[in-house]
Amino acid sequence: MMSRRRYPVALLAAVATVAAAAGAAPAQERPEHGKPGNSTLIVGIDVSGSFKGQYDDATEFASYYIYAHLHGLGGLRTPTALFVTSIGGERPGEPKAFHPIDDFANSSREQIASDLRGWFPPRDAFTDFNTFFKQVAVLAKERGLILAPMSVVVLSDGTPDVPGNMQQAKSDNAIARIDFSSLEFVSRSVTVRLLYASPTIGDAWKRLIRRKRVRLWTQDAPVMVGWHRQVQSDQPLDRQANLWKWVQDNVDFRVRAGNLF
């Protein structure tokens, strides 16, 4: 008969502790009973010259989108952290201010729309996507948001404006230089959503931007303007079921990781 090995009690206790820790999710990831887990929503609005024609519609949509998420309307996920900023620049690498959730929490939908237009007027010279994504990554690390799933919503035509040469800005080479690398490990799940691009630009983002873990969803401008048809003017926001379903289906679509390089 084989004899049993005897291990020190302290060793057995240590093994049990390690096993329990390995099988448990970090405290920040475990939602309380009946309470959704943490999530981060970051919205960037293009304020460059190339987006002026769609800026008003995009800003109005953003006010509905932000308000609905903050209040969980239509089952939309309520973020525990929200930041809104502009995407643009008068010079390369120009940083932008991120307005936190506190600036929107007690605002009406109309007030949010007014604030967005006041804070982010469409008058920058060009669009600097790479600076925006780097700022998002720094913000997430500074605020300790690395464990929460993150959705980065980009309201833009997707054109990386190059001063003095718009043809070059729309080229494949310019889009291929858009850099997602700073977002790759900034959170356990990152989704970038490009809204209001043309079908051609949206397709170029999906084909040419190098990414591994970052998920990418693009929605074309002709589809985005359809949100107006879902609004029922005689109903309050909490009864706009058609609009919030449209948002779920066309904007907050759950994206799989793909296009590995």
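The values are calculated or read from the model by the stated rules, or taken from the named source; none is laboratory data. Being a predicted model, the structure only gives us computed values, none of them experimental. Neighbour counts are summed over all protein chains in view; Cβ atoms, including those assigned to glycine, are modelled from backbone coordinates with ideal geometry.
Taking into account only those residues within region 227-261 that are at pLDDT below 95 and surrounded by 12 or more Cβ atoms within 10 Å (Cβ to Cβ), which is farthest from THR191 (Cα to Cα)? Restricting to residues being at pLDDT below 95 and surrounded by 12 or more Cβ atoms within 10 Å (Cβ to Cβ), the top hit is ASN259. Residues in region 182-199 that are among the small types (Gly, Ala, Ser) and not in a strand (DSSP E or B) were compared, and the one that is nearest to ILE146 (Cα to Cα) is SER187.
Taking (1) charged (D, E, K, R); (2) more than 24 Å from ASN130 (Cβ to Cβ); (3) modelled with pLDDT of 95 or more in turn, GLU32 satisfies each apart from (3).
Answer yes if at least one residue in region 150-161 is free of Cβ contacts under 8 Å to residues at least 60 places away in the same chain and either more than 27 Å from ASN250 (Cβ to Cβ) or more than 20 Å from the chain's Cα centre (by Cα) (or both), and no otherwise. No, the conditions are met nowhere in region 150-161. Kindly provide the set of residues from region 85-108 that are of a type in the set (Lys, Arg) and surrounded by 16 or more Cβ atoms within 10 Å (Cβ to Cβ), ordered by number. Selection gives LYS96 alone.
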